[in-house]
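Written below as structure tokens is the structure these notes are about.
The values are calculated or read from the model by the stated rules, or taken from the named source; none is laboratory data. Note that the structure is predicted; figures quoted are calculated from it, not measured. Don't worry about glycine lacking a Cβ; one is built from the backbone with ideal geometry, like all the others, and counts go over all protein chains shown. Side chains included, ligands, DNA and RNA excluded: accessible areas come from the protein's heavy atoms. Shrake-Rupley method; radii C 1.70, N 1.55, O 1.52, S 1.80 Å.
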Amino acid sequence: MADIRVGTSGWHYPSGKGTWDGVFYPPKRGRAKTFDELAFYAEHFNTVEINATFYGQPRAEVSRAWARRTPVGFEFSVKLYQKFTHPGMFQKRVEQSLPTESGPGRSGGSDEDARREIVEELARPNAADLDEFRRGIDPLASSGKLGAILAQFPPSFKKGEREQAYLVELLESLRGYPVAVELRHRSWSDAFQSTLDILNAFQSAWVQIDEPKFNFSIRQNFLPNVRGFYYMRLHGRNVANWWRHEHPEDRYDYLYSADELTEFTVVASAARTLVKKLYLYANNHFSAKSVANAAMIKKQLGEPVEGAYPEEFVARYPALASIVSARSTPRTGLFAE
């Protein structure tokens, strides 16, 4: 049976309507100074998916602290920096950081041409970016706490010769790491065998995802494509707020029912007999709904549901009442009296 790991995408959500403070964690006000969110999270789950590394390159000193604050056997799956997977998003950041006038272009063109040249060059990932990413996650790898690297591509990343060549180049550059690839556009599943050939050549897991489905959405059979590991992500099914929302977090305001989760735990139970390791992450993080669903998933998979949950959290998500243990008086040092 595979080493199975269930957790959430991220553990630190300190602001917004969907904050975890006062839900899974104690409110900021009155919280004990010694309270450590990551350490508390690690009492309940044996893995977490890092989202912060998508928005900024990982730093070795931060990774080292993560490793130090978690128990032996805990694993971090790390999302690849957006420069490698979301060039359009990264290019906008570069454009906003540059002055409006850039001077003459290299070929003597206009200021606008020069600006475009600079932006394109800065937005193009290179070997130095890859080395920086590797250095940032090295403390996790060297301590045995690195799970998988998640290369999440946007729905706009369609299968074509250029995109296929880039994917091959990226996976080649990350050879030696377990890499999970999340593809969202249907063109990749329409060319199922050729996509599979690419991923299998590098022993990369094809990420199985659940999210609202549209005409262009990828179609998947949820079967493992390599024996090394399996990777599944549950984003929620909030169709109404998926594309149009007041705040980005509104997209993830969705709680899976026990029956809905059965769709994935049945698959995971079968997949775990075929692979060496299985990762399953809940990304419906609004108000720690991912935490509630991750606990429910562990129960359905027959995994121990560890750690004690705040009574207020169980009251908010009553489906957990028969699954988790609750406490009204936290242990000394975790919460303020």
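Relative contact order of the chain: what whole-number percent is it, with Cα pairs under 8 angstrom and at least 6 residues apart?
On the way: 565 pairs, mean separation 76.2, N = 337.
Contact order relative to length: 23 percent.
Per-residue packing, averaged as other Cβ atoms within 10 Å, sorts the ranges 184-190, 44-50 into the order 44-50, 184-190, beginning with the highest.
Annotation: Cα Rg of the chain relative to the compact-globule expectation 2.2 N^0.38 Å equals 1.05. Quick one: Debye curve from the alpha-carbon atoms of region 210-256 only, equal weights, vacuum; give me log10 I(q)/I(0) at q = 0.19, 0.25 Å⁻¹ to two decimals. Each listed q maps to, in turn, -0.71, -0.95.
I want to make sure I understand the PRE zone here: with the label point 7 angstrom from the Cα of D190 toward its beta carbon, which residues in region 130-155 have backbone N atoms less than 13 Å away? Answer for this model: none. Put simply, the amide H of I209, placed in the peptide plane, has neighbours under 5 Å in R233, leaving out anything fewer than 5 places away on its chain.
Potential lengthening of the chain between D197 and F216 amounts to 4.7 nm, from the contour at 0.36 nm per residue minus the alpha-carbon distance. Normalised per residue, the accessible area of the chain is 47 Å², obtained with a 1.4 Å probe and no contribution from ligands, DNA or RNA. Largest first, the three principal axis extents of the alpha carbons in region 225-297 are 42, 22, 17 Å in whole numbers.
Output the relative contact order of region 226-337, whole-number percent, from Cα pairs under 8 angstrom with separation of 6+ residues.
Relative CO of region 226-337 lands at 25 percent.
Between Q57 and A321, the simple spin-label model (points 7 angstrom out along Cα→Cβ) gives 5.2 nm.
For Cα pairs less than 8 Å apart in space and 6+ apart in sequence, what is the mean separation divided by the residue count of region 36-84, i.e. the relative contact order in percent? Each step should come with its number before you reach the end.
Numbers: 43 pairs, mean separation 27.3, N = 49.
Reported relative contact order: 56 percent.
Apolar share of the accessible surface for region 281-328: 48 percent from carbon plus sulfur atoms, 1.4 Å probe. Directionally averaged projected area (region 144-241, Cα convex hull): 6.8 nm². Among the listed pairs K79/K159; K17/K83; K28/K213, which have their C-alpha atoms separated by more than 26 angstrom in this model? K17/K83; K28/K213, as the Cα separations exceed 26 Å there.
Work out the FRET efficiency for R69 and A308 from their Cβ-Cβ distance, taking R0 = 25 Å, and round it to the nearest 0.05.
Numbers: r = 19 Å, r/R0 = 0.75.
E(calc), rounded to 0.05, equals 0.85.
Using a Förster distance of 30 Å, how high is the FRET efficiency between R175 and S269, based on the Cβ-Cβ distance and rounded to 0.05?
Values: r = 31 Å, r/R0 = 1.03.
Efficiency, rounded to the nearest 0.05: 0.45.
Across all directions, the average projected area of the convex hull around the alpha carbons of region 1-79 is 6.4 nm².
The modelled label-to-label distance between D113 and K28, using points 7 Å beyond Cα along the C-beta direction, is 5.0 nm. Taking one quarter of the surface of the C-alpha convex hull of region 170-323 gives a mean projected area of 10.6 nm².
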